[in-house]
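Since every read-out is calculated from the coordinates, none of them should be taken as a lab result. Everything numeric here is computed off the predicted structure, so don't read it as measured data. As a convention, Cβ positions derive from the backbone with ideal geometry for all residues, glycine included, and neighbour counts pool all protein chains shown.
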Amino acid sequence: MKFPSRAIAFITLFAITGCAGLRSKQGAEHVPQVSGQKYTSYAFDDLLRFAGEIASMPAAERFSLCQDLLQRYRTDRSLGVRLHLLLVQTATEACGDVGSAAAIVDASMAELQDERLKLLLIYQKAILNRLDQEIERRKLSERKVFHTVSKQRKAHQRLKTRESELKKLQEKLDALKAIEQRLDEPGNGQ
């Protein structure tokens, strides 16, 4: 009698762990895919929800989404796609350029009826303008640093060249002093 109850317990335990393993595998394989339809909406609430999703994404995931939207934007210039791209570009470094994103704002304003959305786009454009100014400042700073480093390298190279020349002159001077000392020694031709 003990054997069947142990077998039943074992089979039950096996079934439970097997189902749990199956669920975890299904959950891992079933990653929700973002539907193309999601990007067609340009309702204020939908865009706001999307902006919240973007803000909570890790940088790598956000970059991947931005690249996907840029790819889609090449073939689909609908208002929904443009606005979704604008939102993800604003929050993602190195995905498209700020000037293109600002152009999306300008092109979209005329098509919008929702005043709240227009105000959001005006705000987004202000952020993009500030980003563009910061990018230009960073580029200018990088050019200045590069120029300074380049000048320092040249100065260092000139210094090494002069140091080498001075070393050669010092060796010649030492050789002349040695010759002079040998000539001054008693018994050298006097």
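A few remarks follow.
- Separation of the Ala59 and Arg77 label points, Cα + 7 Å toward Cβ, nm: 3.3 nm
- Straight-distance crosslink candidates among aspartates and glutamates, where the alpha carbon sits under 20 Å from Lys139 and sequence neighbours closer than 8 are dropped: Glu93, Asp97
- The distance linking the stretch 107-155 with the stretch 52-102 is 16 Å (Cα centroid to Cα centroid, whole angstrom).
- Cross-link partners of Lys160 among lysines (Cα-Cα below 27 Å; sequence separation of 8 or more within a chain): Lys144, Lys151, Lys168, Lys172, Lys177
- Förster radius 35 Å - calculated FRET efficiency between Asp46 and Ile135 (Cβ-Cβ, nearest 0.05): 0.75
- Here Lys38 is the anchor, and the lysines within straight C-alpha reach of less than 26 Å, apart from those fewer than 8 places off in the same chain, are Lys118, Lys125.
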